[in-house]
Each structure stands twice: as structure tokens, then as C-alpha cells.
Amino acid sequence: MMKKFLFYAQNFAPENAAHIVNGECLKERVKKEKIAAPVYAFNEAMCRGTAEETVFSETFIERRAQSLFVPKEEYEKITVKELCKALEAPALILWFGEDMFCQINLLTLLAWLEQKGYAGKVFIGTLREEKDEIADFSPLRAAGFSDAYRRVVIEKKPPQTELGATMQRAIELYFSFEKDDSPLRREIRAHLGEENLLPRLFAALPEYGLGDLQYLEMIEEEKRKTN
């Protein structure tokens, strides 16, 4: 995937564009390729925990720090200050996976850019991470992300904005994955106590895109229900 990433970055990115990728792990992979453009990470897990309508407001930061079990100062350093640097770029390329985890993060990021009045060009590179390939690369054409974020993440209601098939599917998963009868919860309960539960979940449920921390939290929640 990194070869394709470099191809798109070198041949389709506007001059002086900066890249925002989903998470520190992908950022480090990109930086190893010695790409000339700035690369920033969106270090979040917006599919779990509480938030606030204005992204990166004081209340938002407090709620997200609590949700991620990190000090407020650490959250501000690794998430907020990291991304604020990207606003200086005349164009942005956002690299996010197709899965639920990445798409809810992407929705939040797009809402923030809209709330900040970012006027540069925005491109979205959609990653199909389980196959290590780039599924799509295109300019951002839609708008209304701040309202969509409010409805989806804050109010847990369907968006009134057309967001595209990939994000719509992710939102459907987002609304259902915490429920007791979700495929994810059922899979955890069916194999609770097995030594290799995490690898099983990663392999069986790639559409959710959750990381080990989110799965471990949910495993502990299911264990508490059985006690």
C-alpha cells in the first residue's frame, strides 16, 4: 500500500498539500517512506465514549480525555496541537480506512475542518486496510459535515446529509455495534475466555476496525455481565 500511497501523493496531491492519516501507526509507516510533505495523525477513537458538538472545544477535550482514559494535557498535545498545524496547509489529503472506526473519525475531522472554516482543497484517500490497498482517491465534493457529525455522534440519529456509501455503512455499524445482539458482542460472548480472542476478533470483524484497546474494554464489559 505504501507504494500506491507515494504514487498518489506524488502525482495527484496539490502543491504544498499536507497529509492527515488515521492514527500514529499509519503516520509512522508513511514517515518511513521519507515523504516530503507534512504528515499529521488524527489520534482518536470517536466510536466510543462521549463528545461535544464543537470539535476540540474545552468541553469536547475534557469528555474525550475522560473517554480515552488519558490526562487532558496529553490529549491536547497528541491530538489537538498535532492537527492544528495542518490548518496552515493550502490543501489537505485525508487518509482513512473504510471501516467503522476510521469513518467515524473521518466524519469528526471533516466536521472540525468545516467548523474552523478551512478554505483549502480537501482530498480523501480511502484505504482498504485488510487488503493493504487504496480503494479510492477523490476530491471532497460534499458539505454539511458539522451537522452530520452532530446528528450521528452527539444525537445518535441518522444524518440528513448524503455522505456516500462507505460512510453510510460505517454509521449503520456505529449505531448497532454496542448493542447486546450485535455480531460483535455475540462473537465476544461466544469465545469469551479463549486465549486468542483478540486475533479472532480482528480476523472475523474487519468492518468494525476496532483496535486492541477498544476490544479489551468490550471484553471486560462482557466478563462483568457474567459475574
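Bear in mind that the values in this text are calculations on the coordinates, not laboratory data. The model shown is predicted, which means the values in this text are computed figures rather than measured ones. Reconstructed Cβ throughout: ideal geometry from the backbone, glycine too, with neighbour counts over all protein chains shown.
Please report, to one decimal in angstroms, the Kirkwood hydrodynamic radius of the chain built from all distinct Cα-Cα pairs.
Final number for the Kirkwood radius of the chain is 18.3 Å.
What value does segment 177-226 have for Rg/Rh, both radii from Cα atoms and Rh as Kirkwood defines it?
Here Rg/Rh amounts to 0.90.
Post the alpha-carbon centroid distance, segment 32-103 to segment 135-178, in whole angstrom.
Value for the Cα centre distance between the two parts: 17 Å.
Please report MET100, MET167 as a ranked list, fewest other C-beta atoms within 10 angstrom at the top and most at the bottom. Intermediate results must be reported in sequence, preceding the final value.
On the way: MET100 25, MET167 28.
Going from least to most buried by this count: MET100, MET167.
So what are the ³J(HN,Hα) numbers for segment 48-57, from phi and the Karplus equation (6.51, -1.76, 1.60; θ = phi - 60°), rounded to whole Hz, Gly and Pro as x?
10, x, 9, 8, 8, 4, 8, 5, 6, 6
What residues have an amide H closer than 5 Å to that of ILE124, excluding those fewer than 5 places away on the same chain, when H is modeled at 1.01 Å from N in the peptide plane?
Those lying under 5 Å, H to H, from ILE124 are LEU94, SER138, LEU140.
Among the lysines, which fall within straight-line cross-link reach of LYS34, defined as a Cα-Cα distance under 25 Å, with same-chain neighbours fewer than 8 residues apart omitted?
In chain and number order, the partners are LYS3, LYS4, LYS77, LYS81, LYS85, LYS121, LYS131.
Go ahead and estimate [θ] at 222 nm for the chain from helices alone: -39,500 (n - 2.57) per DSSP H run with n ≥ 4, summed, over the residue count, rounded to 500.
Details: 11 runs with 102 residues, N = 227.
Calculated mean residue ellipticity at 222 nm is -13000 deg cm²/dmol.
So which GluC sites (Glu not before Pro) in segment 108-203 pass both tests, a DSSP loop state and at most 16 other Cβ atoms within 10 Å of the Cβ?
GLU155, GLU162, GLU178, GLU194, GLU195
Can you work out the Karplus-derived ³J(HN,Hα) for every residue in segment 75-87? Use 6.51 cos²θ - 1.76 cosθ + 1.60 with θ = phi - 60°, whole Hz, and x for glycine or proline.
Each residue of segment 75-87 in turn: 4, 4, 6, 8, 10, 6, 5, 4, 6, 4, 4, 5, 5 Hz.
Mind running the shape call on segment 34-82? Use the C-alpha gyration tensor, a ≥ b ≥ c as the square roots of the eigenvalues: rounded below 1.5 for a/c, prolate if a/b tops b/c, oblate otherwise.
Cα axes put segment 34-82 in the prolate bin.
What is the P(r) of segment 140-227, as percent of Cα-Cα pairs per 10 Å bin from 0?
15, 42, 26, 15, 2
Amide H to amide H, which residues 5 or more places from ALA91 or on other chains are under 5 Å from it, using H placed in the peptide plane?
ALA18
If we count other beta carbons within 10 Å of each Cβ, what is the order of PHE42, PHE175, fewest first?
Working: PHE42 25, PHE175 15.
If I rank by nearby Cβ atoms, fewest first, I get PHE175, PHE42.
I need the peptides 212-221, 141-150 ranked by packing, meaning the mean over residues of other C-beta atoms within 10 angstrom, with the highest value on top. Don't skip to the answer; put the middle values down first.
Numbers: 212-221: 14.8, 141-150: 17.5.
Top to bottom by mean Cβ count within 10 Å: 141-150, 212-221.
According to a simple spin-label model (label point 7 Å from Cα along Cα-to-Cβ), what is the distance in nm between GLU33 and ALA143?
Here the answer is 3.2 nm between the modelled labels.
Over the chain, calculate the relative contact order: mean separation of alpha carbon pairs under 8 Å at least 6 apart, over the residue count, as a percent.
Contact order relative to length: 18 percent.
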